[in-house]
Amino acid sequence: MWDIKSMSLTELQGLLGEQGEPSYRAKQLFSWMHQRLAASYEEMTNLPRSLREKLESYPLTVLQAETVQTSMKDGTKKYLFRLGDGCYVESVLMPYSYGNSVCISSQVGCAMGCRFCASTIGGKERDLLPSEMLDQIYRIQAETKERVSHVVVMGSGEPLDNLENLIRFLDLLGSEEGLHLGMRNVTVSTCGLVPGIRLLAEKKYAITLALSLHAPDDEIRKTIMPVAKRYPLDEVLSACAYYFSQTGRRVTFEYSLIAGVNDAPWMAKKLAGRLKPLQGHVNLIPVNPVAERGYHRTQKPNIELFKKELEKNGINVTIRREMGSDIDGACGQLRARYREKQP
């Protein structure tokens, strides 16, 4: 059985109906959790006290901000949230001219083992519940008193390794009775779990799928992304083409540039040849240095050379704007630093 904040409105109506409550009570409860972002049942003042007391037997998922880092450069905020069982996850608030974007985690840690990512150090501890994914957004919105306009599921964890919870999260996030966030304002990232890409395609959400690509071929990809040993690039790109055919949404290809590993101009040319039939967009990312990995970011002149080579070969490219570079920028860094300090 789902925790109460992970339940759909229909499921809540069934739960409260079993206790003799009218269906409108479920709508009130759903609104308190997903629109008014209540942090306790006690705040739900239009529910009878007798019902609030009954609800206390259903733990309400509310994350606690353990620490918050704020960038002095651009106002980016990085949150370390403590979960009910004592685990920690990170979330990032990025203010843009078009609104507030929040990057959330989908797992505690990560099992994928990508060599350039701090999230995977220590492996995966567990999946996040839909409520725990949602409440990262809710706590940030409650704290800032500003609406979150865009959500990126690109923090710690592999979302498609937690697919059932991800799908329920998306349904709740887009619910008219909840935040009602348009799916076109949601991006979900994956390192390339082919079965998950195909299943997500069949759901036909209007979300943007972002593939963590990071290499032009299987040989290079295998050295930095263990998942490449399970799913060859041809298979991954075929799944991306299927995603586009089912949803009409072009895939974004994330490419973290690592000095001396995947940033040579010939690699850009080879990459362009692989991606041109997919009509996707390439997002170049100067990799955040992770001390435990020994990787270094590509210097700006070489980033520009790589970009120009892609553009020369007909690929639409942007260089990701760096946000929060003066705080623990890479996914998993804040959590890793915090855990090191614990006795």
- Message: Only Cα pairs within less than 10 Å get springs; with that Gaussian network setup on the chain, which residue of 139, 221, 36 has the largest fluctuation?
- Response: 36
- Please give the direction-averaged projected area of the C-alpha convex hull for region 4-55, in square nanometres with one decimal. 3.1 nm²
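Taking 0.36 nm per intervening residue step and subtracting the Cα-Cα distance, what contour gain separates residue 11 from residue 250 on full extension? Intermediate results must be reported in sequence, preceding the final value.
Numbers: separation 239, 0.36 × 239 = 86.04 nm, distance 3.38 nm.
Full extension of this stretch gives 82.7 nm more.
Roughly speaking, what % of Cα-Cα pairs in region 93-240 are separated by over 20 Å, rounded to a whole number? Write down the numbers at each step before the final one.
Numbers: 5260 of 10878 pairs.
Every Cα pair in region 93-240 considered, those over 20 Å come to 48 percent.
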- Tell me, what HN-Hα J-couplings in whole Hz come from the Karplus equation 6.51 cos²θ - 1.76 cosθ + 1.60 at θ = phi - 60° for each residue of region 11-25, using x for Gly and Pro? 5, 5, 4, x, 4, 6, x, 5, 9, x, 8, x, 5, 5, 5
- Between region 146-181 and region 71-138, the Cα center-to-center distance that results, in Å: 12 Å
- Item | Set of region 116-133 residues, backbone N closer than 20 Å to the point 7 Å along the Cα-Cβ line of residue 3 | 124-133
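If you average 1/r across every pair of different Cα atoms in the chain and take the reciprocal, what Kirkwood value do you get, in Å? Show your work: numbers first, answer last.
Numbers: mean 1/r = 0.0475 Å⁻¹.
When all Cα pairs of the chain are included, the Kirkwood radius is 21.1 Å.
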- Distance in nm between pseudo-label sites at residue 269 and residue 65 (7 Å out along the Cβ direction from Cα): 5.0 nm
- According to a simple spin-label model (label point 7 Å from Cα along Cα-to-Cβ), what is the distance in nm between residue 27 and residue 74? 4.2 nm
- Query: In a Debye calculation with equal point scatterers on the alpha-carbon sites of region 2-116 and no solvent, what is log10 I(q)/I(0) at q = 0.17, 0.19, 0.21, 0.22 Å⁻¹?
  - Reply: -0.95, -1.06, -1.15, -1.20
- For the residue pair residue 235 and residue 217, what label-to-label distance in nm results when each label sits 7 Å from Cα along the Cα-to-beta-carbon direction? 2.0 nm
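Each reported figure results from applying straightforward, stated rules to the coordinates on display, with no laboratory input. Just so we're clear, the structure is a prediction, and the values are computed from it rather than from any experiment. Using ideal geometry, Cβ is built from the backbone for each residue, glycine included, and neighbour counts are taken over all protein chains shown.
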